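Notes for the one structure printed next.
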Amino acid sequence: MSAYEYWFCDTVTGVKQLRVVPSSGAWSRVLNGAGSGSHTFQLGDRKLPRSSWRSLTSPWARTLVVARGGKVVYAGLVKSLQWDAATKTLTVNHADVRTILGDRYPFGVTSYHGGTLVVTGKSFGAAAAMVVGAGLIGPRPIFALPIVLPSTATSGTYSHTYNAYNFTTVADALTDIQKLGPDIDFEPRWSSSDTLEWVMRVGANLLTGGAFDFPMNAGKPALTGVKNMLDASQQVTGVYAIGQGSGEDMIVGGIPAGTEQAAIIPARETTQPYKESKTEAEASGYAVAATNALHEATSQWSFSYIINDDIAPVENLQLGSTLRLYYDDDEWIYDGWQTVRLTGLSGDMTETVTPTVQGV
């Protein structure tokens, strides 16, 4: 029997509706983005009436939860359904809560009219919380979602005005904040009252989690199919940030002269949009941050993890966690501990999951 549990929950309240057993399925979690998944249910046994299945799988109103060891591993809002009459199977496609934030605007209770959000001197976490908070309230109760926000009182360097007429979505506003360095994650969990909720995690820069060690010289290592790739396709020596305006009036920011990093490769420059930037100084700040993030080639790893609860229960693998692989006398990988950071996690109904990681 699978170690996973599956529940349908009410999206707005988080209240459990029913525990279910899919016949197949897969899911994924992504740092700084929206994961997704799909599960199939066999309805031919008629253990539940048609009306119950239609209620349990009502798009957007219901969320499918994957749990293990009493903790939530993944939660996805029902997005679409497919019924196969020949096989009597219902396939439920679902997506991370961040998906619905792409359909919300930070207008607040006034909706569009007068809906301007002003963020002044806030930390990244406080600014992101203000944006999401504004997207969770509106003129009707259907705006509510069980998302636990960081404090909005933390001061910092981030200031921005979100004008309603720009129609910047909550998800786009979060992406713009992420471009300045911080990670943002919506981690699902059971609340103290045993309902589903999402905890919004925002890093000052990179999010962290637990630390887990994998001795790769063991007889049967838990990590299999290890591959290491050095990707320099995005490596640049300079970024031009393109802000508001057009033609000669366009806001453009680059690396201030004299502050460039030491050249490690021949010059490679690129442009990136930063549509909310209204001043050259603001655009230049983003250009510096973007260049720092892209200045070196990325060490990418891939492998599968056969879940070993003595090493790392999958329900304890927070995005941002550190994984260390120990090697000795490999033909390519350096001897000693190789450290990677967990940026995504996907799985199916088996005891093998696929981490997405980056070298650090």
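Side notes on the structure shown:
Residue-wise test of (1) part of a loop (DSSP other than H, G, I, E, B); (2) at positive phi; (3) among the charged types (D, E, K, R); (4) within 25 Å of the chain's Cα centre (by Cα).
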residue: LYS227; (1), (2), (3), (4): no, no, yes, yes
residue: LEU230; (1), (2), (3), (4): no, no, no, yes
residue: PRO256; (1), (2), (3), (4): yes, no, no, no
residue: SER277; (1), (2), (3), (4): yes, no, no, yes
residue: GLN300; (1), (2), (3), (4): no, no, no, yes
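- Inter-residue pairs, beta-carbon under 8 Å, first farther than 21 Å from ARG98 by Cα and in the same structural domain as PRO273 (by TED's automatic domain parsing) and in the range 157-172, second surrounded by fewer than 20 Cβ atoms within 10 Å (Cβ to Cβ) and modelled with pLDDT of 90 or more, 6+ apart: none
- Screening the candidates VAL21, VAL97 for the property of being touching a strand residue (DSSP E or B) at 6+ places or on another chain (Cβ under 7 Å) and surrounded by fewer than 17 Cβ atoms within 10 Å (Cβ to Cβ) yields one hit, VAL21.
- PRO221 assigned to a loop (DSSP other than H, G, I, E, B) and either more than 30 Å from TYR327 (Cβ to Cβ) or in the same structural domain as ALA129 (by TED's automatic domain parsing) (or both): no
- Test: residue in the range 74-91 that is closer than 23 Å to VAL357 by Cα, surrounded by 20 or more Cβ atoms within 10 Å (Cβ to Cβ) and of a type in the set (Val, Ile, Thr): no
- Any chance GLY247 is without any contact (Cβ under 8 Å) to a residue 40 or more places away in the chain, farther than 21 Å from LEU180 by Cα and outside the structural domain of THR322 (by TED's automatic domain parsing): yes
- Only listed residue being among the acidic types (Asp, Glu), over 24 Å from the mean Cα position of the chain (by Cα) and in a helix (DSSP H, G or I), chosen from GLU331, GLU282, GLU315: GLU282
- Filter pass, SER55 being more than 30 Å from THR322 (Cβ to Cβ), at pLDDT 95 or above and either small (Gly, Ala, Ser) or surrounded by 15 or more Cβ atoms within 10 Å (Cβ to Cβ) (or both): yes
- Residue count for the range 150-171, restricted to those that are crowded, with 18+ Cβ neighbours inside 10 Å and either within 21 Å of the chain's Cα centre (by Cα) or not hydrophobic (A, V, I, L, M, F, W, C) (or both): 7.
- Exactly one residue out of TRP60, TRP27, TRP53 is part of a loop (DSSP other than H, G, I, E, B), hydrophobic (A, V, I, L, M, F, W, C) and outside the structural domain of SER192 (by TED's automatic domain parsing), and it is TRP60.
- Condition met for THR270 (under 17 Å from GLY238 (Cβ atoms), outside any helix (DSSP H, G or I) and at pLDDT below 95): yes
- Taking the criterion of being more than 24 Å from the chain's Cα centre (by Cα) and either surrounded by fewer than 12 Cβ atoms within 10 Å (Cβ to Cβ) or not in a loop (DSSP other than H, G, I, E, B) (or both), the residues of the range 113-139 that qualify are HIS113, GLY114, VAL118, THR120, GLY121.
- Selected residue (only one of PRO188, PRO139, PRO146 is more than 24 Å from ALA289 (Cα to Cα), out of contact with any Gly (no Cβ under 6 Å at 6 or more places or on another chain) and either in the same structural domain as VAL12 (by TED's automatic domain parsing) or touching a residue at least 40 places away in the same chain (Cβ under 8 Å) (or both)): PRO188
- Of residues in the range 193-218 being of a type in the set (Gly, Ala, Ser) and assigned to a loop (DSSP other than H, G, I, E, B), the one modelled with the lowest pLDDT: ALA218
The values are calculated or read from the model by the stated rules, or taken from the named source; none is laboratory data. Please read all numbers here as calculations on a predicted model, not as lab measurements. Please note: Cβ atoms are built from the backbone with ideal geometry, for glycine as well, and neighbour counts cover all protein chains shown.
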